[in-house]
Each structure stands twice: as structure tokens, then as C-alpha cells.
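Asks: Following this message is one structure expressed as C-alpha cells.
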Amino acid sequence: MNIASILAKKGDKAYTVRPDQPIREALGLLAKHNVGALIAVDEAGHPVGILSERDVVREAAKNERVFGMKVTDIMTRDVITGSPHDDLMTVAHTMTERRIRHLPVVDKGRLIGIVSIGDIVKTQRDKYQGELDTLQAQVLGE
Amino acid sequence: MAQAGTQAQPLRVAIIGAGPTGYYAADHLLRQDRVTVEVDMFDRLPTPYGLVRLGVAPDHQKIKSVTAAFDKVAAHPRFRFFGGVEFGKDLTLADLRAHYHQILYCTGAQTDRRMGIPGEDLRGSHPATEFVAWYNGHPDYTDAEFDLSVERAVVVGVGNVAVDVARILCRTREELAATDIADYALEALSRSRIREVYLLGRRGPAQAAFTNPEIKELGELAGADIKVRPEEVELDPLSRAAVAKSQDRATTKKVEILQGYAIRRPTGKPRTLIVRFLVSPVELIGDASGRVVKMRLVRNELFATPTGALQPRPTSQSEELPAGLVFRSVGYRGVPLPGVPFNESWGVILNDKGRVLDPDTKQPVPGEYAAGWIKRGPTGVIGTNKPDAAETVQCMFEDLAQGAVLQPRHPDAASAEALVRQRRPHYVSYTDWLRLDQLEVARGRAQGRPRVKFIQVEEMLAALRR
Ligand SMILES: Cc1cc2nc3c(=O)[nH]c(=O)nc-3n(C[C@H](O)[C@H](O)[C@H](O)COP(=O)(O)OP(=O)(O)OC[C@H]3O[C@@H](n4cnc5c(N)ncnc54)[C@H](O)[C@@H]3O)c2cc1C
Ligand SMILES: NC(=O)c1ccc[n+]([C@@H]2O[C@H](COP(=O)([O-])OP(=O)(O)OC[C@H]3O[C@@H](n4cnc5c(N)ncnc54)[C@H](OP(=O)(O)O)[C@@H]3O)[C@@H](O)[C@H]2O)c1
């Protein structure tokens, strides 16, 4: 299974923010969409960074003025992006190893979605559960 | 109007599609007692079970025993089946909206993914979907023709479907005759003159989509020797590192099995099954009459994407592979249903966790849901559809609790049945199906086969009238 099978049931949604938007607005978007991260995209729609709730919390812990700052001030710039054909097993490994919770997915340079480590873990679990159930049915059904 | 989901006014749900997903969803809907639910399940075919009947290979009978669990679901007093009733043709979305509080699409993936290479549509090049449907006796595919008089068949792809196709092409008449394969397919395949069957993987052995029991079975065929090139199953440095890092036992085992095949000597069986890796067809080439005669293959190398996944890219090396028959087994694809939003990127109904979305607002369309292959795409075994259906059913119950259901004008079982009867007087009920099932099994018993399928819809209806 690959990333595409997760994106297929997420309605092609990827919540984005502009790098020059204030953190206050970004928080509003996180709350409104009930997501843990927003992808910062430039004018052309290319991802240039990612802003997670953690980034905000980390900054807020040391800086009271965080709400007035801009997304670009605290977003993570070194974003690893996935492609729809990447296998889930490899992606899960890389995300765990590098402590990434949200992965923007890009196809031909265009942002097409975002998957979270939670999405991947659930999909993997359902896959194993399904295989187990199928095996069981096969054995019991004889 | 009474609150839907009570004894006085049960929640009326229409499930479109009687594949595994439809049954799992029905089970989740009916097997709880907070909400009173009535399920009507529709399938365009007279027979239920979807790909379990018409996809799963005939020489894999054991797995088909899951249908016993499906029959238990169907025995629920608030479950009805209407076979031979097609959504979009016999019943429209407007019809369903007038009779049900919720509509759940479980229509699977009815067509094939395209490869997008020149010559793909030459005569003699077929999607695996067609061949699979044909040998399993799908009523829509009985007229399909495959030229089995050629010497070599090539199956593109190394998923489990590709393995099914290759295995069926390699089976002996005796092996096939003990299955429920369609009679016409048994006849045609017994006369097959194919000597060599190729399976083509575009990546390496460690990335092959087939699973271990399936690839092991290919090494145990009565009528075919398996052949693999040692250099193609030797792991490249990237794959070796990836396998070592993931420590995935199944992948390690898969590579071992394939490397074992590479050192086997042929034992003189009538057919040879050749599994190749790191090659992609880039063009199918035909003769003057437009019939495929060969394909051009390019050799691939693997590269790591930013997430570490290994993907193929073409090198400058290419080769030609003569072949008179080509099966493209690169995945299935969902088809849009009339009036239902579709996501072209993945070939699924546009949805969020199973809630159908409006394409413009990306907000849920009240009362419409999707589950299974038409929701997440064509991957996963039968049981994978169970948690998938559970996720959708949970959304359905959540929405019901919010009062976000349709307000049908005729929310009762009798008027729904009257409508179906008016549109399709000869629909097949579950009782009818169970009778057909018994008849098929009885016909099979006489020949020492699990069943002999009814193929033509007319034939089924005639058997029921007797
Ligand atoms: C060739 C093949 C072999 C497989 N072998 C195995 C195996 O050995 N073991 C295993 O575990 N898994 C196997 N699988 C996977 C398994 O079959 C699928 O996971 C499963 O069938 C998907 O279930 P579904 O209900 O979503 O779709 P389907 O099984 O495809 O069911 C969809 C149903 O919807 C109906 N339908 C479609 N459109 C309409 C409409 N407009 N109106 C009314 N009805 C409609 C169809 O007639 C069909 O009955 C195989 C798959 C394939 C393709
Ligand atoms: N016995 C069983 O349990 C059984 C039997 C049949 C089916 N199933 C299940 O049903 C599902 C569908 O099976 P499937 O075989 O259709 O799908 P699949 O497992 O996704 O395999 C598709 C294959 O096609 C290849 N492919 C895709 N695009 C290609 C291209 N352009 N050129 C060359 N190769 C290409 C893929 O290679 P890449 O990996 O490189 O993309 C892969 O090898 C699977 O989950 C399968 O396990 C199970």
C-alpha cells in the first residue's frame, strides 16, 4: 500500500497558509480545520515550509509575542515531502526515525495532500487486521 | 416525522454493491442495538459477493469460504437483497433519496488503470480485469476472446492479480477441471498453446507487490517450471540497505524465495514461467493487422525518494520481447456513478473517511457515503474492507446523531420494494440466490467440482422459474 490509498479518503484536502500570514491567523486555521499542521506554500503553490502546533507551542513557551509573529518566522523549512507512490512501510520508518508527524505530499511539484503519522499507523493496522481476519476466515471456513 | 433509527421509524439504508465491503458494512450497521437499522442491498448482478465470486481465482477455493460469514449477515431479519438492480440505470439517486435516510456506495473498482504507453490498445493486449472476469464467468465478459494459440504471453505487473493471471495460464487441464472456472474458459485454456508466461516487475524483488504464499505457489505448479535471472534478484545496494533497516521478515523471505528460484534447474515441464524485475514496457508493437507481436522494454534502476521509498527510473538500456498476448495487470480503477462526486486523481468517490464530499465546497453531501475499493482505491485483501467499512459506518452513526440524514418521502420497506418491483420485476432475492447457489453446487458435485456457475443472467432466471 502507498500514500495514495490514504489520500484517496481524505478528499484531496491539504490545508495551507502563506508564509507572511500572522501566527494568530494560522492558529485560527489549525483550530477551524482541526488539524495538527499547515503547509506553508509560496505564490506558485510550492511547499516552502510546514507549521505544526508543536512549532507554535515551542515558540510560545519562550516568547510571549508569538501571536504577532509571521508563519515564516517559526515554521520548519527543511520539509521532507512524500510522493503518492511511496510505500507506507518505508514512509512510516522515515517519519518515526526523523520524528516527523506530518508529511506534505507532492506530485509533479504540486502540493496534493498531507498525511500524518496517525493516518499511516491506522492504515497499517487496518491492513494487518484485514489480513489476519481473511486468514482466519479461510482456516475456520474449511 | 419520527426520529430515524427507532423501532417506529428504522434508519433505512441502501447499500449499493454486494461485495465484501457491502456485507461488512451491513454487519456493522445491523450488529448493534442502539439504532434500529433496515438494510437493502443492491447489486447490478443477480449474484452477490462481488470479487469473491468474480475476482478471486478459481483455484483458490478455500478463501471463498468467507461467503459463509456473508450469508449469516444476510440472514438478519432487517436485511434484504435485490440482485440484478443497477444503480444509475434501474434506480437513480433521486429514487434512493426518496426511500432511504442514508445511501452507501460499495461498488468496488470496475475497470482497469491505464499504462499510458503507445500500442496499449493493440489487438492481443488486454487488461487483466477482462481476463479475470472472463475465466470467472462474469456475465458481462463471456464474449471476450483471448488468442491462446500464441507461444508467449506477457503479464505486466507483479501484484497478486498478475500472479493469478500467470498461474491460471500455466495450470494444466486437470488442475483447472477441479475448480469452478467457467466452462468456456476451461475449454479454451485446455487448448492453449502458450509455452512461456512472463511476469514483469518494474522495480526489484524487494519491492514486488505479490505476497509470499502466492509466489511460493508459483514454484509448485504441476505444468510449469519457474525461472528467474540471478542478476535480477540480487539486491542492489539501495534495496539491500532498505531491507536491512526495515528488518521486515516478509520482505526478506520474499527475496529468499526468489533467489531460490534463480538457482533452480528446469525439470522439463511443458510450460515455463519467467519472472523478470527492473523492466518496464515502454511500447507495444503490432504487425500490419494491428495485432501485438512484441514489446519494447527499458531497464530500470532504483532511486530513493525523499522519504526513502525506492522508485524506478529508466536507464538507457532497452530490449525487445516478442509476445502475441499481453495482459496489463497494473491495478484496477473505480468508475464514477451517475450524480456522485468523483475524485479523478485516485479513481474513487470523492470522500473524507467515507463521507461523500461536494466537489465545490469540499463539505459532506448529507446522507451519502462510500466504503471499500470505491472509497480508498483498489488495494487490500477481503478482510481489509472490514475496518474500512467500520470507519464509514461510524461516520453514518455520528451524522445520524446530529440529525444529518436525508428526509425521504417514503421511508418504509414496502414502498422501496414496490419501486424495485416496478423497475426490475425479475430481481433476485437472497432466497433466490441461495437456491441458485444450491443448484450450482449440485451441478458441480456431479463433476467433482466445487460448483458449476450459471453464467448468463437469463440462465439464472430460468433456473429460478423452474
Ligand atoms: C482478481 C482479484 C483477485 C483477488 N483475490 C483475492 C484473494 O484471493 N484473497 C483476498 O483476500 N482478496 C482478493 N482480492 C481482493 C478482494 O477481492 C477485494 O479486496 C474486495 O473484493 C473489494 O471489495 P468491494 O466490496 O469494495 O468491491 P467488489 O468486491 O468489487 O464488489 C463491488 C460490487 O458492487 C457491484 N456494483 C458495481 N457497480 C454497481 C452499480 N452501479 N449498481 C449496483 N451494483 C454495483 C458489483 O457488481 C460488485 O458486486 C482479489 C481482487 C482481485 C481483483
Ligand atoms: N491471493 C490474494 O490474496 C490476492 C489475489 C489477488 C489480489 N489480491 C489483492 O488485491 C489487490 C489488488 O491487486 P493488484 O495486483 O491489482 O494490485 P497491486 O498489488 O497494487 O499490484 C499492481 C502491480 O502493478 C505494477 N504497476 C503499476 N503501474 C505500473 C506500470 N505503469 N508499469 C508497470 N507496472 C506497474 C505495480 O508495481 P509498483 O509496485 O512498482 O507500483 C504492482 O506490481 C491487492 O491488495 C492484492 O493483494 C490478493
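Asks: Might you let me know whether the stretch B:334-356 holds any residue that is at the interface with chain A (Cβ under 7 Å from one of its Cβ atoms) and farther than 30 Å from B:Lys89 by Cα?
Replies: no
Asks: Pick from B:Gln394, B:Gln407: which is more than 16 Å from ligand 1 (Cβ to nearest atom) and in a helix (DSSP H, G or I)? Even if it seems obvious, please write down each step before you answer.
Replies: Numbers: B:Gln407 fails: in a helix (DSSP H, G or I).
None of the others qualify; the one that does is B:Gln394.
Asks: State all residues of the stretch B:52-75 that are away from ligand 2 (no atom under 16 Å from the Cβ), hydrophobic (A, V, I, L, M, F, W, C) and either farther than 15 Å from B:Tyr23 by Cβ or within 14 Å of another protein chain (Cβ to nearest Cβ) (or both); if no residue qualifies, say none.
Replies: B:Ala68, B:Ala69, B:Phe70, B:Val73
Asks: Okay, next question. Quick one: in the stretch B:108-122, of everything that is closer than 27 Å to B:Ile382 by Cα and out of contact with any strand residue (DSSP E or B) (no Cβ under 6 Å at 6 or more places or on another chain), which residue is nearest to ligand 2 (Cβ to nearest atom)?
Replies: B:Arg114
The rows are residues; the columns are (1) within 20 Å of the chain's Cα centre (by Cα); (2) surrounded by 23 or more Cβ atoms within 10 Å (Cβ to Cβ).
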| residue | (1), (2) |
| --- | --- |
| B:Ile194 | no, no |
| B:Ala206 | no, yes |
| B:Ala209 | yes, no |
| B:Pro213 | yes, no |
| B:Leu218 | no, no |
| B:Gly223 | no, no |
| B:Arg229 | no, no |
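Asks: I've got another one for you. Residues that are buried (at least 23 other Cβ atoms within 10 Å of the Cβ), within 23 Å of B:Asp140 (Cα to Cα), hydroxyl-bearing (Ser, Thr, Tyr) and touching a helix residue (DSSP H, G or I) at 6+ places or on another chain (Cβ under 9 Å): does the stretch B:87-105 have at least one?
Replies: Within the stretch B:87-105 (the criterion being buried (at least 23 other Cβ atoms within 10 Å of the Cβ), within 23 Å of B:Asp140 (Cα to Cα), hydroxyl-bearing (Ser, Thr, Tyr) and touching a helix residue (DSSP H, G or I) at 6+ places or on another chain (Cβ under 9 Å)), the answer is yes, since at least one residue qualifies.
Asks: Within the stretch B:172-182, how many residues are of a type in the set (Asp, Glu) and under 21 Å from the mean Cα position of the chain (by Cα)?
Replies: So the answer is 1.
Asks: Six or more apart or on different chains, Cβ under 6 Å: which pairs go from a residue in the stretch B:134-157 that's at positive phi to one that's within 16 Å of ligand 2 (Cβ to nearest atom)? Could you list them?
Replies: Note: pairs meeting the criteria are B:Gly157/B:Ser329; B:Gly157/B:Val330.
Asks: When both residues are 6+ apart or on different chains and their Cβ atoms are under 6 Å apart, which pairs have a first residue that lies in the stretch A:1-18 and is free of Cβ contacts under 8 Å to residues at least 40 places away in the same chain and within 16 Å of ligand 2 (Cβ to nearest atom), and a second that is among the aliphatic types (A, V, I, L, M) and open to solvent by less than 50 Å² (accessible area, probe 1.4 Å)?
Replies: Note: pairs meeting the criteria are A:Ala8/B:Val348.
Asks: Filtering the stretch B:35-51 down to residues that are surrounded by fewer than 24 Cβ atoms within 10 Å (Cβ to Cβ) and among the hydrophobic types (A, V, I, L, M, F, W, C), which residue is farthest from ligand 2 (Cβ to nearest atom)?
Replies: B:Val35
Asks: Only one of these conditions is not met by B:Phe397: (1) within 11 Å of chain A (Cβ to nearest Cβ); (2) modelled with pLDDT of 95 or more; (3) over 13 Å from B:Cys106 (Cβ atoms). Which number is it?
Replies: Among (1) within 11 Å of chain A (Cβ to nearest Cβ); (2) modelled with pLDDT of 95 or more; (3) over 13 Å from B:Cys106 (Cβ atoms), the lone unmet condition for B:Phe397 is (1).
Asks: Here is a further query. Could you tell me which of the residues B:Pro270, B:Pro338, B:Pro266 is assigned by TED's automatic domain parsing to the domain that holds B:Gly377 and open to solvent by 20 Å² or more (accessible area, probe 1.4 Å)?
Replies: Only one candidate qualifies: B:Pro338.
Asks: Within the group B:Val348, B:Val330, B:Val356, which residue is open to solvent by less than 50 Å² (accessible area, probe 1.4 Å), at pLDDT 95 or above and touching a Leu at 6+ places or on another chain (Cβ under 7 Å)?
Replies: Checking each option against the conditions leaves just B:Val356.
Asks: Starting from the stretch B:362-377, take each residue that is within 8 Å of another protein chain (Cβ to nearest Cβ) and list its partners that are within 16 Å of ligand 2 (Cβ to nearest atom) and of a type in the set (D, E, K, R), counting only C-beta distances under 8 angstrom and pairs at least six apart or across chains.
Replies: Pairs found: B:Lys375/A:Lys9; B:Lys375/B:Asp388; B:Arg376/A:Lys9; B:Arg376/B:Asp388.
Asks: Would you kindly identify the helices (runs of 4 or more DSSP H) lying entirely within the stretch A:31-142 that contain at least 3 residues that are open to solvent by 40 Å² or more (accessible area, probe 1.4 Å) and either modelled with pLDDT under 95 or away from chain B (no Cβ under 14 Å) (or both)? Walk me through how you get there before you give the answer.
Replies: Working: elements: A:53-62, A:71-74, A:88-97, A:117-141.
Filter on the stretch A:31-142 gives A:53-62, A:88-97, A:117-141.
Asks: Next up: So B:Gly383 fits all but one of (1) within 16 Å of ligand 2 (Cβ to nearest atom); (2) open to solvent by 20 Å² or more (accessible area, probe 1.4 Å); (3) of a type outside the set (D, E, K, R); what number is the exception?
Replies: The failed condition is (2).
Asks: B:Arg409: in contact (Cβ under 8 Å) with a residue 40 or more places away in the chain, in the same structural domain as B:Ala98 (by TED's automatic domain parsing) and not aliphatic (A, V, I, L, M), yes or no?
Replies: Taking the combined requirement at face value, the residue satisfies it.
Asks: Quick check on this structure: which one of B:Val161, B:Val154, B:Val150 is open to solvent by less than 20 Å² (accessible area, probe 1.4 Å) and either within 15 Å of ligand 1 (Cβ to nearest atom) or more than 14 Å from chain A (Cβ to nearest Cβ) (or both)?
Replies: Result of the check over B:Val161, B:Val154, B:Val150: B:Val154.
Asks: Now for a separate question. Residue by residue through the stretch A:5-28, note down the ones that are in a loop (DSSP other than H, G, I, E, B), buried (at least 16 other Cβ atoms within 10 Å of the Cβ) and facing chain B (nearest Cβ under 8 Å).
Replies: A:Ala8, A:Lys9, A:Gly11, A:Asp12
The values are calculated or read from the model by the stated rules, or taken from the named source; none is laboratory data. As the structure is a prediction and not an experimental result, all values here were calculated from the model. Quick reminder, even Gly has a Cβ in these numbers, built from the backbone with ideal geometry, and neighbours come from all protein chains shown. Areas reflect the complete protein model, heavy atoms only, side chains present, ligands, DNA and RNA absent. Shrake-Rupley method; radii C 1.70, N 1.55, O 1.52, S 1.80 Å.
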